[in-house]
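Asks: Next up is a structure, given as C-alpha cells.
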Amino acid sequence: MKRTTETRISLLPLLMPAVTGVSPPNENLVITNPNRPWWERYQPISYKICSRSGNEEQFKDMVKRCNNVGVRIYVDAVVNHMCGAAGGSGTHSTCGSYFNAGNRDFPAVPYSGWDFNDGKCHTGSGEIESYNDIYQVRDCRLSSLLDLALEKDYVRSKVAEYMNHLIDIGVAGFRIDAAKHMWPGDIKAFLDKLHDLNTQWFSAGTRPFIYQEVIDLGGEPIKGSEYFGNGRVTEFKYGAKLGTVLRKWDGEKMAYLKNWGEGWGFVPSDRALVFVDNHDNQRGHGAGGASILTFWDARLYKMAVGFMLAHPYGLTRVMSSFRWPRYFENGKDVNDWYGPPSNADGSTKAVTINADTTCGNDWVCEHRWRQIRNMVIFRNVVDGEPFSNWWDNGSNQVAFGRGNKGFIIFNNDDWNMNVYVQTGLPAGTYCDVISGQKEDNRCTGKQVYVSGDGKANFQINTDAEDPFIAIHVDAKL
Ligand code: ZXY
Ligand code: CA
C-alpha cells in the first residue's frame, strides 16, 4: 500500500472532518539539474495520473481510502502552462510520455503549437517582463513555462477533462495554480464544464471546492478580487503580515492584531483561503519572503498557526512539510530547490508514523504537532462564534475569545505576564490545549480556573516553551 497523502500536504480544517491537499498528481518533466527539485511538479507533460507520488491505480486507492474515513482530497491543478520552453524533447517525463517542448508538441494530451499563447504574447522575449501589464501576466510565459491558450475551447475542454477525471475518482476540489496568470473568464469557462462531485461520497449536486492561487501582496494591477466569481482566493498578505508581527519587525506588535482581517486590507473573510506558509514561501523566497514563519522557527510558528486557527477570519489551511538540508549563503538558502525525501528510483518516500506519533523519513507533519492539532479541534469547537473579549497590554501580550466557547492568550513580550482577564467562558476548570490536553477527565498540561464572572488568571513567562494558552468548552473538566 502506498502512502496516504502525497509529497507535500496541506490541510483545510473545518470544511470537512479533515481535508488534504495533494501535490500535482499528473505527469511532469523529470528535471535532473538540479536533482529532482520540488518545482518540477509544476511543469506538466500530460494529464496522466503518474508522478513521483504514484500511478493512477495508487491515486484512486488513496482517494477511496481517504473518503471512506471522511478525509477529503483537494488536487493542485497546474493548468496555466506545460513545461518550460527549454524542457527539450524525449521521454524524460514521470510516465515516459514523449514530448517536444521546442515544437510545443505534447501528444499525450494532445497539445500542439496552436494550443499555446506564443502568438498572443507581445513581449520581445515571450516572457512576462512586467507585472504592471495585465496582458503580459496572462498571455506570456511565466518563468519560461509554455503558456496555454485557455481562450480556446479545445484547451478548456482538455483541462476540464483532466479535472473531471479526478472528480469522478472522488476528489473534492482543486487549488488552481498560477491563477493570476490566467484570465478569470477563462478559469470560469473550464470550471463551468466540471462535473458535480462523486455521489459515492457526496450528496447529489455538490460542486467542487475551488481556491485560486493569486499572489496579490498589493502593488500590482491584478487583484485577488477579480477572481471572486470562481471561488476562494489565497490571501498571501495574511502569512506575510502575521510573520512580520510575531517577529516584531517594522515596529509591529501583537496589540495591532485587534482588527486582524479585513481591517488589515485583506479580502473579505468569506473569500479568503489563509495560511501561515505554503510550499513555495516556506523556502525563504516567494511571496512574503523573509518574514514568513515555518516549522524551522517552530516556537513562533506554533503561535502564528495558533492565532490563525483561533481567529474567525478566512478558511484556514495548515501546512505539512518535508525537511531539507537548509543552507544559507549570503542570506539565501542554496538548497531551496530540494525535492521530497525520495527512494533511489525517484519515487517519494512514504510518510511513516513513529511509535511516539511523529513522522519518519524526514516528514515534518506539522499537522500532528500537539499544539497545532489541538488548535484545529479548537477551531471546530468555536465554529460560528463571534470574535470577543479582546485584551492587550499595548505591546505583545494579547488575548481574545470566541463567544462563550473558547479563549486564547499570548505573551510575545520579553517580560513575564501575569493577568486576570475576561474569558467569556462558563465557570470551571479547563485544560490548556497547548501544553497538553484533556485525557481521562484530567489535564495532561496546565489547568485554567475560570471564576463565576468569566475571569481567569493567566501566567506566561517570557521563556515558556510555548508562550500561549488556549482553552475551550470541550476541554473542560
Ligand atoms: N522556481 C524557480 C526556478 C523554477 C521554479 C524560480 O526562480 N522561478 C521564478 C520566480 C518564481 O515564479 C513562479 C511563480 O509561479 C509558478 C512558477 C514560478 C507557478 C508554477 C510553476 C513555476 O517559477 O515554476 O506552476 C510565481 C507566480 C507569481 C508570483 C510569483 C511567482 O507573483 O504570480 C520557483 C517556483 C515557484 O520559484 C512556484 C512554483 C509553484 C507554485 C508557486 C511558486 O505553485 O506558487
Ligand atoms: Ca497564462
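Asks: In the stretch 104-115, is there at least one residue being among the aliphatic types (A, V, I, L, M), within 14 Å of ligand 2 (Cβ to nearest atom) and either closer than 24 Å to GLY87 by Cβ or within 23 Å of the chain's Cα centre (by Cα) (or both)?
Replies: Just the residues of the stretch 104-115 that are among the aliphatic types (A, V, I, L, M), to begin with: 108-109.
Still in the running and within 14 Å of ligand 2 (Cβ to nearest atom): none.
No - not one qualifying residue is present in the stretch 104-115.
Asks: Restricting to the stretch 57-75, name every residue that is crowded, with 22+ Cβ neighbours inside 10 Å and within 20 Å of TYR211 (Cα to Cα).
Replies: Scanning the stretch 57-75 gives VAL63, ARG72, ILE73, TYR74, VAL75.
Asks: Could you list, in sequence order, the residues of the stretch 76-107 that are touching a Cys at 6+ places or on another chain (Cβ under 8 Å) and either under 13 Å from LEU145 (Cα atoms) or surrounded by fewer than 22 Cβ atoms within 10 Å (Cβ to Cβ) (or both)?
Replies: Passing the criteria: CYS95, ALA101.
Asks: Looking at (1) within 26 Å of GLN282 (Cβ to Cβ); (2) more than 15 Å from ligand 1 (Cβ to nearest atom); (3) part of a helix (DSSP H, G or I), which one does ASN164 not meet, given that it meets all the others?
Replies: (1)
Asks: May I pose another question? I want to confirm something. Restricting to the stretch 68-95 and keeping residues that are part of a loop (DSSP other than H, G, I, E, B) and within 14 Å of ligand 2 (Cβ to nearest atom), which single residue is farthest from ALA178 (Cα to Cα)? Reasoning before the result, please.
Replies: Just the residues of the stretch 68-95 that are part of a loop (DSSP other than H, G, I, E, B), to begin with: 69-70, 78-80, 85-88, 91-92, 94-95.
Then drop every residue that is not within 14 Å of ligand 2 (Cβ to nearest atom), which leaves 78-80, 85.
Working: VAL78: 7, VAL79: 8, ASN80: 7, ALA85: 17 Å.
For the stretch 68-95, the residue satisfying everything is ALA85.
Asks: Ok, one more. Would you check if VAL137 is β-branched (Val, Ile, Thr), in contact with a Phe, Trp or Tyr (Cβ under 9 Å, 6 or more places away or on another chain) and either farther than 20 Å from ILE169 by Cα or within 15 Å of ligand 2 (Cβ to nearest atom) (or both)? Can you show your working first?
Replies: Working: β-branched (Val, Ile, Thr): yes; in contact with a Phe, Trp or Tyr (Cβ under 9 Å, 6 or more places away or on another chain): yes; either farther than 20 Å from ILE169 by Cα or within 15 Å of ligand 2 (Cβ to nearest atom) (or both): yes.
Against the criterion (β-branched (Val, Ile, Thr), in contact with a Phe, Trp or Tyr (Cβ under 9 Å, 6 or more places away or on another chain) and either farther than 20 Å from ILE169 by Cα or within 15 Å of ligand 2 (Cβ to nearest atom) (or both)), VAL137 qualifies.
Asks: Criterion first (surrounded by fewer than 17 Cβ atoms within 10 Å (Cβ to Cβ), out of contact with any strand residue (DSSP E or B) (no Cβ under 9 Å at 6 or more places or on another chain) and of a type in the set (Ser, Thr, Tyr)) does THR244 satisfy it?
Replies: So THR244 fails the test.
Asks: Still on this structure, please answer the following. Which residue pairs have Cβ atoms under 7 Å apart, sit 6 or more places apart or on different chains, and have a first residue in the stretch 265-286 that is touching a residue at least 24 places away in the same chain (Cβ under 8 Å) and more than 15 Å from ligand 1 (Cβ to nearest atom) and a second that is assigned to a helix (DSSP H, G or I) and polar (S, T, N, Q)?
Replies: Correct list of pairs: VAL267/SER225.
Here's the yes/no breakdown for (1) under 25 Å from ILE372 (Cα atoms); (2) assigned to a helix (DSSP H, G or I); (3) free of Cβ contacts under 8 Å to residues at least 60 places away in the same chain; (4) within 20 Å of the chain's Cα centre (by Cα):
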{"position": "ALA304", "(1), (2), (3), (4)": "yes, yes, no, yes"}
{"position": "ARG326", "(1), (2), (3), (4)": "yes, no, yes, no"}
{"position": "ASN335", "(1), (2), (3), (4)": "no, no, yes, no"}
{"position": "ASP356", "(1), (2), (3), (4)": "yes, no, yes, no"}
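Asks: Hey, could you check the stretch 116-128 for residues that are more than 14 Å from ALA178 (Cα to Cα) and surrounded by 14 or more Cβ atoms within 10 Å (Cβ to Cβ) and say which is nearest to ligand 1 (Cβ to nearest atom)?
Replies: First, pick out the residues of the stretch 116-128 that are more than 14 Å from ALA178 (Cα to Cα): 116-127.
In the following step, the residues that additionally are surrounded by 14 or more Cβ atoms within 10 Å (Cβ to Cβ) were identified as 116-118, 121, 123, 126-127.
Values: PHE116: 15, ASN117: 15, ASP118: 18, CYS121: 16, THR123: 16, GLY126: 15, GLU127: 10 Å.
My answer is GLU127.
Asks: So which pairs qualify, if the first residue must be in the stretch 180-194 and at pLDDT below 95, the second must be away from ligand 1 (no atom under 14 Å from the Cβ), the Cβ gap must be under 8 Å, and the two must be at least 6 apart or on different chains?
Replies: Qualifying pairs under 8 Å: none.
Asks: I would also like to ask the following. Is there a residue being on the phi > 0 side of the Ramachandran plot and charged (D, E, K, R) anywhere in the stretch 265-273?
Replies: Let us first name the residues in the stretch 265-273 that are on the phi > 0 side of the Ramachandran plot, namely 265.
Next, from what is left, pick out any that are charged (D, E, K, R): none.
Checking the stretch 265-273: not a single residue is on the phi > 0 side of the Ramachandran plot and charged (D, E, K, R).
Asks: Within the stretch 448-472, track down each residue that is more than 15 Å from ILE372 (Cα to Cα) and crowded, with 16+ Cβ neighbours inside 10 Å. Before the answer, list the steps.
Replies: Of all residues in the stretch 448-472, those more than 15 Å from ILE372 (Cα to Cα) come to 448-464.
Across the stretch 448-472, the qualifying residues are VAL448, VAL450, GLY454, LYS455, ALA456, PHE458, ILE460, ALA464.
Asks: Return a yes/no flag: does the stretch 51-70 have any residue that is away from ligand 1 (no atom under 16 Å from the Cβ), within 19 Å of the chain's Cα centre (by Cα) and modelled with pLDDT under 95.
Replies: The answer is no; no qualifying residue exists.
The values are calculated or read from the model by the stated rules, or taken from the named source; none is laboratory data. Just so it is clear, the structure is predicted and the values come from calculations on it, not from any experiment. Here the Cβ is made from the backbone with ideal geometry for all residues, glycine too, and neighbour counts use every protein chain on show.
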